[in-house]
Amino acid sequence: MATFRLQVVSMDGLEYDGEVQQIKLRTIHGDLAILARHMNYVTAIGMGTAKVVLADGTERQAACIGGMLSMMDNHCRVIPTTWEWDEDIDVARAMDAKKRAEEKLAQSNLDKISRVKAEARLYRALVRINSAKHK
Amino acid sequence: MAAGNMKAVKLRIKSVQNTMQITKAMQLVAASKLRKAKEKADNSKPYFKIMRETLIDIAKGNTDFQSPYTKQVENDKWLYIVIAGDRGLAGGYNSNLFKFMESETKGRDYMVLPVGKKSVEYFQHRGVEIFTDDFAEVASISISECFGIAKLICNAYSKGKFGHVLLCYTEFVSMMTQTPRSTSLLPLADFEAEAEAEGEEKKPVRDLILYEPDSETVFNAIVPEYLAGLLYTAINVSVASELAARRTAMEAATDNAGEMIEKLSLYYNRARQASITQEITEIVAGAEGN
């Protein structure tokens with residue numbers, strides 16, 4: 001299958017740089033898959049599991065939240081706010097965060113700002129848990 | 001040689017020794033902090049570089065001027081985000097950056113968003129219009145604060161408070177060299193102008209870019225994001241530069257102090273020897289006289 005160059009870089013450093021067959025991730029507009037020779041394309045990334053099919057056909061997945069994706073002249077750059085390969089995800093910590101966020105949301109006297117914050121925390125924890133293959 | 005002079009030399013040696021102790025301690029502290037900061041800066045570098053490349057590419061191919069962030073603006077007011085240090089005694093780190101700023105802003109109507117105590121002090125002293133000085137301490141700025149700054153800038157930008165945003169920081173070239181740099185942040189068209197100034201030729205736009213769902217939504221989502229990201233990474237790089245500059249400066253100061261002590265001790269010993277010789281001569285002369 002045709003491949004294209006993918007660079008994934010977050011504020012924690014360069015996460016991936018190399019030829020891939022495909023990348024699938026969730027944008028603010030819905031799920032998206034990029035294959036080689038895709039037209040020039042820019043979008044913002046939502047929250048979800050990203051799947052990358054490497055040049056040799058192996059698949060890797062990661063928790064991918066926020067940021068942007070650009071495909072320019074067969075060169076794809078993914079610049080997420082956070083990107084964690086599934087083997088790096090600390091599931092116990094995510095479970096813990098999920099529990100705490102749920103407890104917080106169960107309180108009835110929550111003001112709007114802390115509700116939004118707790119919801120965001122819950123979503124992030126859920127994305128991490130779902131992106132980790134080993135549970 | 002008078003005894004008073006010898007005492008003065010002895011005091012001087014003591015004071016230089018004290019200074020040396022301080023500079024030595026500062027050097028060690030900077031060196032140990034530097035290791036961590038350098039790691040952070042190294043991790044930040046690819047993000048900064050790739051993000052800028054991407055934005056330049058988008059600016060080049062962009063034919064869509066719906067979003068306020070891509071529109072060419074007539075507003076000729078500039079906002080400079082200036083990242084300097086919290087403390088002095090870092091060699092030319094702060095003053096180089098301010099000198100660089102001065103040459104950059106020549107003839108422009110500008111205001112600043114200072115980051116770092118030295119930066120705040122400098123612009124307050126010079127009476128430059130300050131956008132906000134809430135972010136005085138560069139060492140304690142977190143990612144979420146960067147997002148806060150980005151949001152502030154986006155709001156003020158869409159209200160037309162300024163037409164261009166630029167970031168001034170100090171690039172960490174190596175342990176020995178740090179150079180002040182600037183990069184455009186807004187509007188996107190500035191990236192293209194900057195790339196051209198750096199020697200890339202302008203290509204006619206052939207392939208249009210597809211924005212999904214539409215350009216305005218995409219830019220509204222990614223602009224605050226990349227502002228915060230570039231800001232955070234630039235801060236990391238600047239902090240590493242500051243520590244490296246301080247380490248080098250303090251190393252030089254310690255060496256100088258050592259040299260000074262050596263010279264002064266030599267001078268002191270000579271004076272002591274001379275006074276002893278003189279005393280002996282006097283005694284001998286006195287004994288002969290009897």
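Coordinate-derived values only; no laboratory data. A quick note: this is a predicted structure, and the numbers were derived from the prediction, not measured. No Cβ is skipped: glycine too gets one built from the backbone with ideal geometry, and neighbour counts run over all protein chains shown.
Give me A:27, A:43, B:63 sorted ascending by neighbouring Cβ count inside 10 Å, so fewest comes first.
Starting with the residue having the fewest Cβ neighbours, the order is B:63, A:27, A:43.
Just add up the charged neighbours of residue B:178: K/R +1, D/E -1, any other residue whose Cβ is under 13 Å from the Cβ of residue B:178.
Neighbourhood net charge equals +2.
Using a simple spin-label model with points 7 Å from Cα along the Cα→Cβ vector, what separation in nm is obtained for residue A:99 and residue B:14?
6.3
Report, to the nearest 10°, how far helix B:3-61 tilts away from the longest principal axis of the Cα atoms in chain B, using its own Cα long axis and a range of 0 to 90°.
Computed tilt is about 10 degrees.
Counting each DSSP H run of 4 or more residues in the protein assembly as shown as -39500 (n - 2.57), what helix-only mean residue ellipticity at 222 nm follows after dividing by all residues, to the nearest 500 deg cm²/dmol?
Only helices count here, giving -18500 deg cm²/dmol.
If you fit an axis through the alpha-carbon atoms of helix B:215-289 and take the longest principal axis of the Cα set of chain B, what angle between them do you get, 0 to 90°, nearest 10?
10
Could you work out the longest stretch of chain B that avoids the trypsin sites (Lys or Arg not before Pro) located in DSSP loops with at most 10 other Cβ atoms within 10 Å?
B:1-105
Does anyone have the angle between helix A:112-131 and the longest principal axis of chain A? Alpha-carbon axes, 0 to 90°, nearest 10?
So the helix axis and the longest Cα principal axis differ by about 50 degrees.
Roughly speaking, what is the stretch gain from residue B:193 to residue B:22, that is 0.36 nm per residue apart minus the C-alpha to C-alpha distance, in nm to one decimal?
56.9 nm
Ordered by residue, what ³J(HN,Hα) values in Hz, to whole numbers, does region A:95-100 give under the Karplus form 6.51 cos²θ - 1.76 cosθ + 1.60, where θ = phi - 60° and Gly and Pro are x?
Karplus values, whole Hz, x for Gly and Pro: 4, 4, 4, 4, 4, 5.
Straight-line reach from residue B:33: which lysines have a Cα under 25 Å away, not including same-chain ones fewer than 8 places off?
Those lysines meeting the cut-off are B:24, B:45, B:49, B:117, B:118.
Determine which lysines satisfy two conditions relative to residue A:104: a Cα distance under 20 Å, and not lying fewer than 8 residues away in the same chain.
Straight-line reach from residue A:104, under 20 Å: A:112, A:117.
Rounding to the nearest 20 debye, state how big the charge dipole of chain A is about its Cα centre with +1 on each Lys and Arg Cβ and -1 on each Asp and Glu Cβ.
Roughly 560 debye, rounded to the nearest 20.
Is region A:4-87 rounded, prolate or oblate when judged by the Cα gyration tensor, a ≥ b ≥ c being the square roots of its eigenvalues, rounded requiring a/c under 1.5 and prolate requiring a/b larger than b/c?
It is rounded, given that a/c, with a ≥ b ≥ c, falls under 1.5.
If each of residue B:285 and residue B:75 carries a label point 7 Å out from its Cα toward its Cβ, how far apart are those two points in nm?
Each label point is offset 7 Å from its Cα along the Cβ direction, giving 8.6 nm.
Taking θ = phi - 60°, what integer Hz values does the Karplus form 6.51 cos²θ - 1.76 cosθ + 1.60 yield along region B:116-126, in sequence order, with x for Gly and Pro?
For region B:116-126, the Karplus-derived couplings read x, 4, 4, 5, 4, 4, 4, 6, 5, 4, 8 Hz, x marking Gly and Pro.
Arrange B:15, B:95, B:119 by Cβ neighbour counts within 10 Å, fewest through most, would you?
B:15, B:95, B:119
Hey, can you grab everything whose amide H is under 5 Å from the amide H of residue B:81? Only 5+ residues off in sequence or another chain; H modelled, so Pro and N-termini drop out.
Amide H to amide H, under 5 Å and 5 or more residues apart or across chains, residue B:81 pairs with B:113, B:166, B:167, B:168.
Classify chain B as rounded, prolate or oblate from the Cα gyration tensor: take a ≥ b ≥ c as the square roots of its eigenvalues, call it rounded if a/c is under 1.5, otherwise prolate when a/b beats b/c and oblate if not.
Since a/c reaches 1.5 and a/b is larger than b/c, the shape of chain B is classed as prolate.
Amide H of residue B:186 versus every other amide H placed in the peptide plane: which residues, excluding those fewer than 5 positions away on the same chain, fall under 5 Å?
So residue B:186 has HN proximity to B:165.
Which of the aspartates and glutamates could a cross-linker span from residue A:98 if the Cα-Cα distance has to be under 14 Å and same-chain partners fewer than 8 positions apart are dropped?
Within the straight-line cut-off, residue A:98 pairs with A:90, A:119.
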